[in-house]
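Data first, discussion second: the structure below is written as structure tokens.
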Amino acid sequence: MKQENRKPIAPYMAIGLSTVIYGTYSKKQTWKNMDNIENAIRGAIGIADLNMPIKLIALSEGAITGFTDEVFDTPHKLMANEWAIDIPGYETKRLGALAKEFGVYIIAQSKARWPEVMEDIYINTLFIMGPDGTAVHKAPKNHIWCREHSVTPHDIYDRWVEVFGDGLEAFYPVLKTEDIGNIGTICCSDGEYPEVVRALTMNGAEVIYRPSEACPMTNSGGRGGGSWMTQNRGHAEFNSVYMICPQVGPVYVNDLCEHPMNIAGGHAHIVDYRGELMAYEPNNANSMVAATIDIEALRQFRDMSLNFNWLKDLRTELFKKMYDTPIYPKNLVLDRGPIDHAEADVIYRDSIKRLQERGVWEKPYHNFEGARYTGKKTSEEDWRAMKDDWKRLEAEEDE
């Protein structure tokens, strides 16, 4: 029987873009990355629209601002007020204009302020610009790696729940559309936890955006893509979802650097709902992956199969007690404010000890020193001096 109350969704082309990135030190500097993004979008559409109507374009992590906060271990409050973008703002206006011009959805990531939740913080944010030119989706990154300064909802859990509630939608919202299906968004470290994509799937997601990972995760083992690709193929297979995974391009720490560092090593890809690669691109210097997304085929598969559509078999009662005892402490930012790299290391070490004390992990025989932050924290005074040097050199280049 047909679903008379809706129209079928036509197959469409999805594109993942991996663009060269210039680190920024203020909100006014994103124009250079935005110019590059716009050129890449226009170029990709000009090439790929011969094959299938393009409805979805996904950018990489860092494409808008770079990773200045992570590279220099900068004070969080300072960067929130001088560097993180606003949604809506200049960047969303430019992306919205492109989305409207081409009639597409554009998925992007940036460190952004959330003043409706809390002042003086930024959150690693996933957002989607719709074909009408407006932001139609905004979601937080919920798991960050140990060298990222972003605040997560878990870090301000009580305040987040006060504003958004404690349901699945509060942490893992899904954009539900009539023309490209249901879109979920995560970023980088989010995808290192199988629960994250499962949460989006339980909330109705059919296509998952997961941009970017860094070396050595992307080039471990003999095949391209490393554990990043292994994870994404697993997410797709276990949850019957498409995975769209553009990669970070080579990164200039700032726009005065002579050479970039290719921190990610390429390997962008798109995976189908059976975990099979549909598109793969080893190069990440202004490159693209493109594949046809067929939402009706996915829905038909979920409906007709008695195998491979694993979610239908899940014995949920067996797992209800698994996370009753917390592992990583919540409300860290509410309790003590944003932390730096070295302070984060202490918290991660405490979590390791906690798992060992509970018998989840066995302690190793040897007690060697583990990984730790070996860089230098940037003070506000240091940051001001660095910015002055960059501005001076920029002025000299312009003369």
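Given an 8 Å cut-off on Cα distances and at least 6 residues of separation, report the relative contact order of the chain as a percent. Walk me through the intermediate numbers first.
Values: 800 pairs, mean separation 74.8, N = 399.
Once normalised by length, the contact order is 19 percent.
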Restricting the stretch 1-103 to GluC sites (Glu not before Pro) in coil, as DSSP defines it, with at most 15 other Cβ within 10 Å | GLU4
Lys and Arg at +1, Asp and Glu at -1: neighbours of VAL248 with Cβ under 11 Å from its Cβ sum to -2
Quick one: which residues, 5 or more positions from ALA58 or on another chain, have an amide H under 5 Å from its amide H? H modelled 1.01 Å from N in the peptide plane, none for Pro or chain starts.
-> ILE15, GLY16, LEU17, ILE107
Calculated log₁₀ intensity ratio I(q)/I(0) where the Debye formula runs over C-alpha points of the stretch 276-331, q = 0.16, 0.18 Å⁻¹ | -0.83, -0.83
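So if each residue of separation counts as 0.36 nm, and I subtract the Cα-Cα distance between ASP158 and ARG223, what length gain in nm does that give? Please report the intermediate quantities before stating the final value.
On the way: separation 65, 0.36 × 65 = 23.40 nm, distance 4.28 nm.
Here the segment from ASP158 to ARG223 would lengthen by 19.1 nm.
Given 0.36 nm per residue, what is the gain on full extension from ASP49 to GLU381 after removing their alpha carbon distance, in nm?
Values: separation 332, 0.36 × 332 = 119.52 nm, distance 4.97 nm.
114.6 nm is the gain from fully extending ASP49 to GLU381.
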Debye sum, Cα scatterers, the chain, no solvent: what log₁₀ I/I(0) at q = 0.08, 0.11, 0.13 1/Å?
-> -0.43, -0.82, -1.17
Under 17 Å from a point 7 Å along the Cα-to-Cβ line of ALA371: which residues of the stretch 260-274 have their amide N that close?
-> 263-265
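Which of the peptides 108-119, 5-16, 182-193 is most tightly packed, and how do the rest follow, going by the mean number of other Cβ atoms within 10 Å of each residue? Show your work: numbers first, answer last.
Working: 108-119: 19.8, 5-16: 16.7, 182-193: 23.5.
Top to bottom by mean Cβ count within 10 Å: 182-193, 108-119, 5-16.
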Counting helices only, and only those DSSP H runs with n ≥ 4, report the 222 nm mean residue ellipticity of the chain as the sum of -39,500 (n - 2.57) divided by its residues, in deg cm²/dmol to the nearest 500.
-> -9500 deg cm²/dmol
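Scale the Cα Rg of the stretch 251-298 by the rule-of-thumb value 2.2 N^0.38 Å and send over the ratio, two decimals. Walk me through the intermediate numbers first.
Values: Rg = 15.3 Å, N = 48, 2.2 N^0.38 = 9.6 Å.
In units of the globular-protein estimate, the stretch 251-298 measures up at 1.60.
Extension gain ASN283-THR230, at 0.36 nm per residue separation less the Cα-Cα distance, in nm? Each step should come with its number before you reach the end.
Numbers: separation 53, 0.36 × 53 = 19.08 nm, distance 1.82 nm.
Full extension from ASN283 to THR230 adds 17.3 nm.
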Inter-label distance, nm, simple model (7 Å from Cα along the C-beta direction), LEU306/ARG6 | 2.6
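A short reminder: the numbers here are calculations on the coordinates, not readings from a lab. Everything quoted here is computed from the prediction, not taken from an experiment. As a convention, Cβ positions derive from the backbone with ideal geometry for all residues, glycine included, and neighbour counts pool all protein chains shown.
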